[in-house]
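Bear in mind these aren't lab numbers, they're just calculated from the coordinates by the rules spelled out. Treat the numbers as computed from the prediction; the structure is a model and nothing was measured. No Cβ is skipped: glycine too gets one built from the backbone with ideal geometry, and neighbour counts run over all protein chains shown.
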Amino acid sequence: MKKHLQVWDLPTRLFHWSLLIAVFYSWLSVEILEDMQQHFYAGYAVLTLLLFRLVWGLVGSRHSRFHTFFFPISEIASYIKKITKVSEQNYLGHNPLGSLSALAILIVLLTQASIGLFSTDDYFFGPLAGLVSSDTMAWLTSLHLDNVNVIYGLLGLHVFAIIYYKFRKKEPLTKAMITGTKTINPNNHAATEENKPASNWLALIILILCAALVYWLSTAFLDQLPISDYDYY
């Protein structure tokens, strides 16, 4: 009989789906709606969520912590060699490739949201744009635009991996991120891993503090922007 184990805590799952919505709306607001004000708001939401995840990666439940994301190179290489085979699931949390993918997405999105604070489209300015020179602002704006292609590539690879694991390796990754549980053979060594529940209240407090930090960043330096009208904030 298969064993059902709790893997992903509620804060991690809510973060995952909230980030998806925020990133999608960030794209929608600028590419379809052409509304830079909404684009900034979406960016603030993305940054808040990412800051929360950085902290949660230190204090969350076992499989949400970053120390479980790192594997020896030899183990990564061994996993890649077996990637096409249908085998027993040996990882409750992220597998070696999944860990690399998750870290890459977090780093790229954090970079995008951070440099967006300093960027401009000549009409709207990021709230920290006044803290850097015009040349630096132009460089960061260019980087912000170019980095979008990296995000598209990583998200496309992420979707492909979900589909591949679902139909080839018979691992429903999406379902696990919704329910928080995974089904595993009780004789599998991974079934002995403990994943003590994390405090949802602690997660809420961390989220509020991260939101407060982002709000401060978005308003504290507006008087230094190279424009006189800040009403759009």
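Worth a mention:
- Farthest towards the positive end of the charge dipole of segment 3-224, among the residues His4, Ala113, Phe24, is the Cα of His4, using unit charges on the Cβ of Lys, Arg, Asp and Glu.
- Proximal charge balance of Val55 [Cβ under 14 Å; K/R count +1, D/E count -1]: +1
- Qualifying GluC sites (Glu not before Pro) in segment 2-81, DSSP loop, other Cβ atoms within 10 Å at most 11: Glu34
- Over segment 66-126, equivalent-ellipsoid semi-axes from the Cα gyration tensor in Å: 37, 11, 9
- The distance separating the Cα centre of segment 94-171 from that of segment 207-221 comes to 20 Å.
- Cα lying deepest toward the dipole's positive end in segment 69-228, options Phe70, Thr179, Ile151, charges on Cβ: Thr179
- The length gained on full extension between Leu202 and Thr181, counted as 0.36 nm times the residue separation minus their Cα-Cα distance, comes to 5.4 nm.
- Axis of helix 10-31 versus longest Cα principal axis of the chain: the two differ by about 40°, to the nearest ten degrees.
- Candidates per trypsin sites (Lys or Arg not before Pro) in segment 115-222, loop by DSSP, up to 13 other Cβ within 10 Å: Arg168, Lys170
- Placing unit charges on the Cβ atoms only, positive for Lys and Arg and negative for Asp and Glu, gives the chain a dipole magnitude near 1920 debye about its Cα centre.
- The alpha carbon radius of gyration of the chain, expressed as a multiple of 2.2 N^0.38 Å, is 1.15.
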